[in-house]
């Protein structure tokens, strides 16, 4: 009986080289199929248009500003990482938001791979594949992929950060802690909504390795300083600023800014 079980596990391990790519391919096809069935305007929502304008204005030398025309006033209403990523893609490939959407499908596929890796490291490959399959067919992520929303980048960063935190808990070292802290810092620079989750992860590490936890918090401290020192709070929160397009974006779009 024991030998038969061991043989089944070995056979399943061999199948992972087929099953894992199959789940990733399924996830990519689901996203492509969804966008083919329900086409989107990547700049339709006001937040998406704002991210596009931040990237375009940075490339044009007008600073980290949201607006179609002068005066371009620098803003801290949006965290910087996602606009910088868009700007880098625009610099290499041209200001085409549709290409960003294709890149986000790739990010979602990589997120599925990380979900499999994270879950497998905790519960084993079978449950990892099930978790990856559920994520691959999860319809709630489709609404982010077709627009220039930071959530697609946030999801892959959170998953990678959780995975490296699990590694820290199992194999504590300053190197593992620094990498986890670096990844959690990137999540803060994408969307600050996760700030309390980051602090919770630091608190979790304290129970195992105080020095490592302090090193973790040291790695994310600059991102907290950016959030609390540069970005508006209270009545000027991103949510309140997003309620009105006229509050966020100057009128009269210039057609040459959109490919």
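The values are calculated or read from the model by the stated rules, or taken from the named source; none is laboratory data. No experiment lies behind these values; they were computed from the predicted model shown. All Cβ positions, glycine included, derive from the backbone under ideal geometry; neighbour counts span all protein chains shown.
Just the residues that are outside any loop (DSSP other than H, G, I, E, B) and over 28 Å from residue 195 (Cβ atoms), please, taken from region 67-90.
Across region 67-90, the qualifying residue is only 90.
For residue 26, work out the one condition from (1) in contact with a helix residue (DSSP H, G or I) (Cβ under 6 Å, 6 or more places away or on another chain); (2) more than 26 Å from residue 187 (Cβ to Cβ); (3) outside any helix (DSSP H, G or I) it doesn't fulfil.
Failing condition for residue 26: (3).
Please specify each residue of region 96-106 satisfying the condition of being crowded, with 16+ Cβ neighbours inside 10 Å and within 14 Å of residue 26 (Cα to Cα).
Selection gives 105 alone.
Test residue 93 against the criterion of being under 30 Å from residue 124 (Cα atoms), exposed (fewer than 14 other Cβ atoms within 10 Å of the Cβ) and at pLDDT 90 or above, and give yes or no.
When the stated conditions are applied, residue 93 does not pass them.
So which residues in region 29-66 are assigned to a loop (DSSP other than H, G, I, E, B) and on the phi < 0 side of the Ramachandran plot, if there are any at all?
Matches in region 29-66: 38, 39, 40, 41, 42, 43, 44, 45, 60, 62, 64, 66.
Residue by residue, here is whether (1) modelled with pLDDT of 60 or more; (2) more than 30 Å from residue 36 (Cβ to Cβ) holds:
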| site | (1), (2) |
| --- | --- |
| 151 | yes, no |
| 167 | yes, yes |
| 170 | yes, yes |
| 182 | yes, yes |
| 189 | yes, yes |
| 220 | yes, yes |
| 235 | no, yes |
| 249 | no, no |
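Among the residues of region 42-94, which ones are without any contact (Cβ under 8 Å) to a residue 60 or more places away in the chain and out of contact with any helix residue (DSSP H, G or I) (no Cβ under 7 Å at 6 or more places or on another chain)?
Across region 42-94, the qualifying residues are 57, 60, 61, 62, 70, 71, 73, 74, 75, 84, 88, 92.
For residue 151, only one of the following conditions fails: (1) touching a residue at least 40 places away in the same chain (Cβ under 8 Å); (2) more than 15 Å from residue 80 (Cβ to Cβ); (3) surrounded by 22 or more Cβ atoms within 10 Å (Cβ to Cβ). What is its number?
(3)
Pull out all pairs, ordered by first then second residue, where Cβ-Cβ is under 8 Å, the residues are six or more apart or on different chains, the first lies in region 7-24 and is at negative phi, and the second is surrounded by 10 or more Cβ atoms within 10 Å (Cβ to Cβ) and modelled with pLDDT under 60.
Qualifying pairs under 8 Å: none.
Given the conditions (1) at pLDDT 90 or above; (2) surrounded by fewer than 20 Cβ atoms within 10 Å (Cβ to Cβ); (3) over 20 Å from the mean Cα position of the chain (by Cα), report the number of the one that residue 74 does not fulfil.
(1)
Which of the residues spanning region 113-149 are assigned to a loop (DSSP other than H, G, I, E, B) and under 24 Å from residue 29 (Cβ atoms)?
137, 138, 146, 147, 148, 149
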